[in-house]
1. Roughly how many Å is it from the Cα centre of the range 92-163 to that of the range 49-69, as a whole number?
2. Hey, which of these cross-link pairs are over 25 Å Cα-Cα: LYS1/LYS149; LYS64/LYS151; LYS36/LYS64?
3. Please report the carbon-and-sulfur percent of the accessible area for the range 99-163; probe 1.4 Å, protein heavy atoms only, DNA, RNA and ligands left out.
4. Report the residue, chosen from ILE126, ILE79, ILE45, that carries the largest GNM mean-square fluctuation when the chain is represented by alpha-carbon nodes joined by springs under 10 Å.
5. Please work out the average accessible area per residue across the range 15-124, using the 1.4 Å probe convention, and give it in Å².
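The values are calculated or read from the model by the stated rules, or taken from the named source; none is laboratory data. Note that the structure is predicted; figures quoted are calculated from it, not measured. Note: areas computed on protein heavy atoms with side chains; ligands, DNA, RNA excluded. Shrake-Rupley method; radii C 1.70, N 1.55, O 1.52, S 1.80 Å.
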Amino acid sequence: KMFWNSVKITGTILIGQLVFAMPSAWGLARYEFPGKKQIYFLYIILMMLPFQVTMLSEYLVLDKIQLLNSQWSVILPGIFSTFSVFLMYRFFAGIPEEVLEAARMDGANEWQVFCHIGVPLGYAGIISAMVLQFLECWNQIERPMAFLKQKELWIVQSSFLFN
């Protein structure tokens, strides 16, 4: 049961990060907008904060929306991890603007440029982020132990602490 809980939590987090981190990193890397540097700086600051610093605020928010003691209390904070955005940002920023401009001149809209140019050229960064996030999610111990009280919801790493 614990193994499948780990698979479910890790898989859901990785899929969620693909859905949210890729477009976020693309937007930060390729578009100019007011406050872009401040948002990027905030991402870096949040990335450096360990779980112990944010645990109380996460606990209070999850308690308020009644997600404590459910797998979503581990999944939701994991989906919005800033590390994936940071890593993908670096790869997307390295794509030459001329390539994107050529696609736009050929009639591609922004979504097509992202899907057909950005994702394939940023593939190494996406895979790197997903491998590192898999390792982080699979090996997490503090968040599940803080937010999951029922033994049926625990993950594999929890079993090593209490057996």
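1. 22
2. Violating the 25 Å Cα-Cα cut-off are LYS36/LYS64.
3. Taking all protein chains in place, the range 99-163 shows 64 percent carbon and sulfur surface.
4. ILE45
5. Roughly 61 Å² per residue, with all protein chains present.
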